[in-house]
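The values are calculated or read from the model by the stated rules, or taken from the named source; none is laboratory data. Just so it is clear, the structure is predicted and the values come from calculations on it, not from any experiment. Cβ placement follows ideal geometry from the backbone for every residue including glycine, while neighbour counts extend to all protein chains displayed.
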Amino acid sequence: MDERLHCIVPGRPTAYARARHSGRHHWKPKKHEQWERLAVAHMRAAARDSQVETPLGGPVAVKVVAVHPRPKRTPKSAPLGRLRRRTATNDLDNVVKLALDAAVKAGWLVDDREVFVIHAERWHAAVSEGPSVRVTAWRLDDAT
């Protein structure tokens, strides 16, 4: 039995945005909140469909793959598969941060302090692929 939780959140990867404030009022940008709600819904569905007991306890490893839209300026001679992302509109660590917060809210993790290993990648989508964020989480063995 596979002991990994896996989820694909469709749509453009979104970075963690710091809260804005005006006097006593604090809020997060709408784009941040919308992506987080979508991610939590997809992660909860993935947890229900899997046989993995949640929340994952103890030391945890997480892999986050941010697949950005393929640029319109990509030459026709470029490979049809995924391309390495050359320019960044958002920091990869902030994409990971938002994915981890969504995993906590979805019940995958008790707290993101339990994450001991993070593997993160950023790509441009393949020709037949849309933008998404792929999140995989699993317990680490004591021997690891």
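Any residue at all in the range 53-76 that's over 16 Å from Arg134 (Cβ atoms) and touching a Gly at 6+ places or on another chain (Cβ under 6 Å)? Checked the range 53-76: at least one residue is over 16 Å from Arg134 (Cβ atoms) and touching a Gly at 6+ places or on another chain (Cβ under 6 Å).
Of the residues making up the range 33-52, those that are of a type in the set (A, V, I, L, M, F, W, C) and within 15 Å of Leu109 (Cβ to Cβ) number 6. Of the residues making up the range 117-137, those that are at pLDDT below 95, more than 19 Å from Gln34 (Cα to Cα) and not small (Gly, Ala, Ser) are Glu121, Arg122, Trp123, His124, Val127, Glu129. Is at least one residue of the range 93-104 of a type outside the set (Lys, Arg), touching a Lys or Arg at 6+ places or on another chain (Cβ under 9 Å) and touching a residue at least 40 places away in the same chain (Cβ under 8 Å)? Scanning the range 93-104 turns up at least one residue that is of a type outside the set (Lys, Arg), touching a Lys or Arg at 6+ places or on another chain (Cβ under 9 Å) and touching a residue at least 40 places away in the same chain (Cβ under 8 Å). Scanning the range 38-80 for residues that are surrounded by 12 or more Cβ atoms within 10 Å (Cβ to Cβ), farther than 18 Å from Arg122 by Cβ and of a type in the set (D, E, K, R) yields a single hit, Arg44.
Figure legend. Inter-residue proximity from the range 25-40: first residues more than 10 Å from Leu98 (Cα to Cα) and without any contact (Cβ under 8 Å) to a residue 60 or more places away in the chain, second residues of a type in the set (S, T, N, Q) and in a strand (DSSP E or B), beta-carbon distance below 8 Å, spacing 6+ or different chains. No pairs are indicated. Please determine whether any residue of the range 28-40 is among the β-branched types (Val, Ile, Thr) and modelled with pLDDT of 90 or more. The answer is yes; a qualifying residue exists.
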